[in-house]
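Only one structure is covered here, and it is reproduced in the block below.
Where a number appears in this text, it was derived from the coordinates with a stated rule and is not lab data. Computed from a prediction, not measured in an experiment: that's the story for all the values here. Positions of Cβ are generated from backbone atoms using ideal geometry, with glycine treated the same way; all protein chains shown enter the neighbour counts.
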Amino acid sequence: MSTPMMDQFLEIKALHPGEILLFRMGDFYETFFDDARTVSRALGITLTSRSRSREDGEEIPLAGFPYHALDGYLSRLIRAGYRVAICEQTEDPSKATGLVRREVIEVITPGTLVSGSALDERRTILLSSAFVLEGRGGLAFCDISTGEIDATETAAELLTSELARREPSELLLAEGSGIQPPAGCEATFLEKWKFDGAAAVSAAESVLGVSTPEGLGASSDSPALSAMGALLAYVRDTKRMDVSHLCFTGMYRREDSMIIDRGSARALAITDAPDGEESAVLASATDCTVTAAGSREWRKWLAAPSRRMETIFGRYEAVSWLMEERDVLKRLRRMLEGVADLQRQAGKLGTLRSGPRDLRAVADTLSTLPGFRAIMGGSKSDLLREMAEVDTMQGTASRIDSVLSEEPPVKLGEGASIRKGVSPELDEYREIRSGGHDWIRSRRDEERERTGIPNLSIGSNKVFGYYIEVSKSHLDRVPEDYIRKQTLVNAERFITPQLKEMESRIFRAGDEIERLEREIFEELRSEVAEELAGIRDAGRMLARLDVLVSLAGMALDRGYVRPALSDLPGIEINEGRHPVLERLLPQGECVPNSIRLDQGRRILIVTGPNMAGKSTYLRQAALLVVMAQAGSFVPAACMRFSPVDRIFTRIGSSDRLTRGQSTFLVEMAEAAALLNSSTPESLAILDEVGRGTSTYDGLSLAWAMLEYLHDSAEHRPLVLFATHYHELTALGNLLPAAANVNVKVMDTGGKVVFLYRIEEGSTDESYGIHVASMAGVPPRVVRRARKVLADLEAGRHLMPGGGGEDQLELALEPEKPGDDPIVEKLRGIDPDELTPRRALEILYELRDGLE
């Protein structure tokens, strides 16, 4: 037999078997049974127990935490991959008759975070949905924190790469789907009927107010529409509230952006580093934004650099104008430092989570829009003038300002949220409460004088209300009209009829103030929520402006130059610098290098020793192209390029080794993607292809790949190919559109100095033994390696042997001739005694012997 409260818990838990149920009990969230064990283990909090009932004495596992600590604990649970259902008390316990009513008000999943400490203000958290229909793939994405939704349709085989590029936190799939979620993404499986086209249209109509597929830019049989419908229904079910604030920003085309698959993005450390080292990430090294929204926008630009010339050119023009107008640049940056994150404020507003301080931040930011608009409208940049057309929404700002106080509290009830004069009734109750407090203060002085008790005080608490406190040393002076209420160790507490009467007036006024402020605020919030679209547009404009301002400032501070766009496929960079390495090394230590790839020089074969800078050179070229197509100026003396459609990389293999795939298998899978999918507009970065197998196998594969990439009319990308196979340098001379470059090394009397400079031509020196010595390999091993190398280069063969002191070493011996008859015959000949005729006869005899 259990208690009514436990019966209530079990009933609600049965509806949420897959979630941790946080059960609100007073000032705590409690968990029970397996949930308690999970929470205790995940959060490191104490696991206790309580009896199910007085009769049976069964112990129930229990773990909980204070309600005000929810954000922090929720963050940890979500990051650990758990789904959490929030069960709140939905009626005032003081007014409840019997058991307090409780309901699950929200289910939190990795992709449906709206606010709180679990939400990184500079990172986008995406919920995604994927569906395949007749060979076509559809994807939908939603940023719950801003309410923005977009979608795309593509070939089914490209779904995985697009999911990896967008990096969602949660992926919705139909039951039985074979789509693999990207690394770090939680998969949630739904009934297949939820991806039905008709259900999708119904969900779109109820949430977005769009009644036809055409209104979303999709056909009725579009897999993207099916994915979006499932996503909308999921959000509606998990958030347990009106989600009409969600906004569809449109269908996007993958073809408009450079494709960078997950492996390439991680290998190049564009937005994330494989080892988690944030300082080595391009997005971090180049993020000079001053707002969280701007930081998120810059990461979007880097994750999907534009292929559209007009988009790239427009960004260049805006950055150039801002660089020319330095006073304007400084002013805009100062103005941006004070703006709120309107995009996420719109998300909170749409879900009715905004507090008084949130609305004040919205109003204050909207009030700055006319200033931004005036500056941008006078720009020579078409992009900035276009952005300046955003609605400044001054009516909304004025409305908020007329109702809210100048410095409202974070939450209602924590201070004065509403201005004086908005509600005469509210003002009257405030005067009553203020007068009551004044009466309390004066009453204390009067009672001290009347009783002669110098330390008499008047206080209050939630249990007893107002009371008069007298220390025990003065109890003999307490008047007869004092009524004893509580005994403490060193004092007694009393009340009087007059004090209780004033208390009643103060508390009643406080209740009315709270009620009226809530009514006025909620009415205001609903009014402002009607303007969500405009607030989102303004937030998007400010985020884009922040990026452009940051790019201009970065270019000025770091000496970046504007790239020149070309219609002819190719990349030419003069004295380019690695954008991340330059920030990590002391000033002046990053060695600049040049690169030229064009139709007559499409393949560069890069040779040189380990640690000399080959991989850095390859990555540098790719990163500068990414930056340039994102709209940034670049660290170089000059750069000319044509936008690339995709970057392929073959660098490292850590991503899939954990899935049981060998280094060589991963390498060949990435090489196959390049060979099958590249175009003449692609850029390929290949580092040590063929290293994971035998020397001859690896060399043969690398050779054949280079020939294929050179000769294929369909593919023929621009290629940077770093290798230790020095035989491949022959292709630099044999293939018309290939060339050799090498990393310059200075060898002075056995001492090798890496110069990190790229020069034309090839090298046949690896300096591997020198690198081993630098790495700390014992001198004895290094000396022996040098001898082995010398013997191998002399054509000798390795033989097992040795003993004594050198028993662990390989003995190298010249190969001993055997008992071959031809060899024996040659040994018996004295060349000085042979006539020319006899020498010729012997030569024929030897040949016949070979046959």
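Considering only beta bridges that DSSP places wholly inside the stretch 564-765, some 45 percent are antiparallel. Using only the alpha-carbon atoms, how far is helix 292-303 inclined from the longest principal axis of the chain? Give it as 0 to 90 degrees, nearest 10. Approximately 30 degrees, to the nearest 10. Legend: translational diffusion of the chain by Stokes-Einstein, Rh = Kirkwood radius over C-alpha pairs, 4 °C, 1.567 mPa s; D = 39 µm²/s.
Legend: ranking of residues T38, T48 from fewest to most surrounding C-beta atoms inside 10 Å; resulting order T48, T38. 3J(HN,Hα) along the stretch 459-464: x, 7, 8, 5, 7, 9 Hz, from the Karplus curve 6.51 cos²θ - 1.76 cosθ + 1.60 with θ = phi - 60°, whole Hz, x for Gly and Pro. Evaluated with a Cβ-only charge set (Lys, Arg +1; Asp, Glu -1), the stretch 127-256 carries a dipole of roughly 160 debye about its Cα centre, given to the nearest 20. For the peptides 530-541, 23-34, 369-380, the ranking by packing is 530-541, 23-34, 369-380, with the highest mean count of neighbouring Cβ atoms within 10 Å listed first.
Normalising by the residue count of the chain, find the relative contact order in percent from Cα pairs under 8 Å and 6+ residues apart. For the chain, the relative contact order is 9 percent. The residue list S177, L190, F141 was ranked by how far each Cα lies along the charge dipole of the stretch 127-256 toward its positive end, using unit charges on Cβ atoms, and L190 comes out on top. Summing Lys and Arg as +1 and Asp and Glu as -1 over all other residues whose Cβ lies under 14 Å from the Cβ of W439 gives a net charge of -1.
The long axis of helix 326-336 is offset from the longest Cα principal axis of the chain by roughly 50 degrees. Highest-first packing order for the peptide set 406-419, 348-361 is 348-361, 406-419, based on the mean count of other beta carbon atoms within 10 Å. Each label point was placed 7 Å from the Cα along the Cα-to-Cβ direction; for D711 and S279 their separation is 4.9 nm.
For the pair S526 and S566, a Förster radius of 60 Å applied to the C-beta separation gives a FRET efficiency near 0.65, rounded to the nearest 0.05. Using the alpha-carbon positions of the stretch 315-396, Rg (one decimal) and Dmax (whole number) come out as 14.4, 43 Å. A simple spin-label model places pseudo-atoms 7 Å from Cα toward Cβ; at D92 and Q587 they are separated by 6.5 nm.
For an R0 of 41 angstrom, estimate the FRET efficiency from the Cβ-Cβ distance between D196 and S405 and round to the nearest 0.05. Given R0 = 41 Å and the Cβ-Cβ separation, E is 0.25. Enter the angle in degrees (range 0 to 90, nearest 10) between the Cα long axis of helix 33-43 and the first principal axis of the Cα atoms of the chain, meaning the one along which they spread out most. Rounded to the nearest ten degrees, it is 60.
Name the shape class, rounded, prolate or oblate, that the alpha-carbon gyration tensor gives for the stretch 424-516, where a ≥ b ≥ c are the square roots of its eigenvalues, rounded holds for a/c under 1.5, and otherwise prolate holds if a/b is larger than b/c and oblate otherwise. Taking the square roots of the gyration eigenvalues as a ≥ b ≥ c, the stretch 424-516 is prolate. Relative contact order for the stretch 4-108: 28 percent, from Cα pairs under 8 Å spaced at least 6 residues apart, divided by residue count.
Take 140-148, 717-725 and order them by the average number of nearby Cβ atoms within 10 Å per residue, most first; the result is 140-148, 717-725. What is the stretch 564-765 by shape, rounded, prolate or oblate, if you read a ≥ b ≥ c off the alpha carbon gyration tensor as root eigenvalues and call it rounded for a/c under 1.5, prolate for a/b larger than b/c, and oblate otherwise? Verdict is rounded for the stretch 564-765. Couplings 3J(HN,Hα) for the stretch 465-478, derived from phi with the Karplus relation 6.51 cos²θ - 1.76 cosθ + 1.60 (θ = phi - 60°), are x, 7, 8, 9, 10, 10, 5, 5, 6, 10, 5, 5, 9, 5 Hz, where x marks Gly and Pro.
In this entry, the stretch 318-461 is assigned a mean projected area of 13.8 nm², taken as a quarter of its C-alpha convex hull surface. A simple charge model with +1 on the Cβ of Lys and Arg, -1 on the Cβ of Asp and Glu and nothing else charged puts the dipole of the chain at about 1880 debye relative to its Cα centre. With N counted as the residues of the stretch 2-131, its alpha-carbon radius of gyration over 2.2 N^0.38 Å works out to 1.12. Measuring nothing but how far apart in sequence close Cα pairs (under 8 Å, 6+ apart) lie, relative to its length, the stretch 269-318 scores a relative contact order of 28 percent.
Estimated at 0.36 nm per residue, the fully extended path between K825 and D382 surpasses their Cα-Cα distance by 150.4 nm. Counted over the chain, the DSSP beta bridges are approximately 65% antiparallel. Shape verdict for the stretch 127-256, please, from the Cα gyration tensor: rounded (a/c under 1.5), prolate (a/b greater than b/c) or oblate. Since a/c stays below 1.5, the shape of the stretch 127-256 is classed as rounded. Rounded to the nearest 20 debye, the dipole size of the stretch 466-550 about its Cα centre is 440 debye, using +1 on the Cβ of Lys and Arg and -1 on the Cβ of Asp and Glu.
Calculated FRET efficiency, S700 and A669, Cβ-Cβ r, R0 25 Å, to nearest 0.05? Result of the calculation: an efficiency of 0.85.
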